[in-house]
Amino acid sequence: MNMITIAIADDQMLFRKGMSAIINSFENMSVICEADNGRKLLGFLETVTHRPDVILMDLSMPDLNGIDTMKIIHEQYPEQKVVILSIHNEEKFVVHLIELGASAYLFKNSEPEDVEKAIRGVIEKGFYFGEDTLSTFHKRLSNKKTHVSVHDNIPIILSTREVEVLNLICQELTAQEIAEKLFISVRTVDGHRNNLLEKTGARNTAGLVIFAIKNNLVNPGVLL
């Protein structure tokens, strides 16, 4: 298994050093950059030939915060995988960062194994939503008295096959697993995924899952 490289951006030194030590203890993972603000992280990305496989980034940082850094990363490095680390557990923060291009959102009280699962999840499947994140979605949607759904318009927006692929993505199947289940090639799965991204306006696989949840194509409770 190839080494998974990680960059960490967080202004709290003790947290950053502790997280770095934890990640370095995981099998085949190595922290190659520590930054205390978004500007230093971007400076690192500009100077390296091989960018980190995954960036773990806090939202509240001086000089350049996580939200603004996320916007720049997506614009300059659209394929870069970013896992947000935050104390904020409100649904609006989670959804907003996913829509900006983050592949996962972890609360800072997460267990070390959740961090490992998130890193491996975004590498293997393009996204990771832990139980806390999915519970946040589920509670938010359950508490809404009215929920505007575009489900009736989905047949117009998406093909039947695209909806099928989207649901399998939400079930955390890899492209290879989806191909085998639907008896199609991985290249065809990738084509459907690209069409889904274009039609929904999602920025990555995590964004597709958000689209599915928000439009009642999948119940977040089912994903728990």
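The values are calculated or read from the model by the stated rules, or taken from the named source; none is laboratory data. Quantities reported herein were computed from a predicted structural model and do not represent experimental measurements. We place every Cβ from the backbone using ideal geometry, glycine too, and count neighbours over all the protein chains shown. Heads up: the accessible areas ignore ligands, DNA and RNA and are worked out on the full protein's heavy atoms, side chains in. Shrake-Rupley method; radii C 1.70, N 1.55, O 1.52, S 1.80 Å.
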Out of curiosity, is Ile55 within 20 Å of the chain's Cα centre (by Cα) and closer than 21 Å to Ile123 by Cα?
-> yes
Quick check, is Ile23 open to solvent by 60 Å² or more (accessible area, probe 1.4 Å) and among the hydrophobic types (A, V, I, L, M, F, W, C)?
-> no
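This table checks each residue for (1) at pLDDT below 95; (2) in a helix (DSSP H, G or I); (3) open to solvent by 40 Å² or more (accessible area, probe 1.4 Å).
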{"position": "Asp63", "(1), (2), (3)": "yes, no, yes"}
{"position": "Glu75", "(1), (2), (3)": "yes, yes, yes"}
{"position": "Val83", "(1), (2), (3)": "no, no, no"}
{"position": "Phe93", "(1), (2), (3)": "yes, yes, yes"}
{"position": "Leu106", "(1), (2), (3)": "yes, no, no"}
{"position": "Asn109", "(1), (2), (3)": "yes, no, yes"}
Any chance you could count how many residues in region 111-120 are surrounded by fewer than 22 Cβ atoms within 10 Å (Cβ to Cβ) and touching a residue at least 12 places away in the same chain (Cβ under 8 Å)?
-> 5
With the condition kept exactly as written, say whether any residue in region 174-188 is crowded, with 20+ Cβ neighbours inside 10 Å, closer than 22 Å to Ala118 by Cα and at pLDDT 90 or above.
-> yes
Region 203-220, residues that are among the aliphatic types (A, V, I, L, M) and closer than 17 Å to Leu173 by Cβ | Ala206, Leu208, Val209, Ala212, Ile213, Leu217, Val218
Counting only residues that are in contact with a helix residue (DSSP H, G or I) (Cβ under 6 Å, 6 or more places away or on another chain) and among the basic types (Lys, Arg), how many does region 74-99 have?
-> 1
Taking region 17-43 only, how many residues are touching a residue at least 40 places away in the same chain (Cβ under 8 Å) and within 19 Å of the chain's Cα centre (by Cα)?
-> 3
So which of Glu124, Glu79, Glu46 is more than 12 Å from the chain's Cα centre (by Cα) and surrounded by fewer than 17 Cβ atoms within 10 Å (Cβ to Cβ)?
-> Glu46
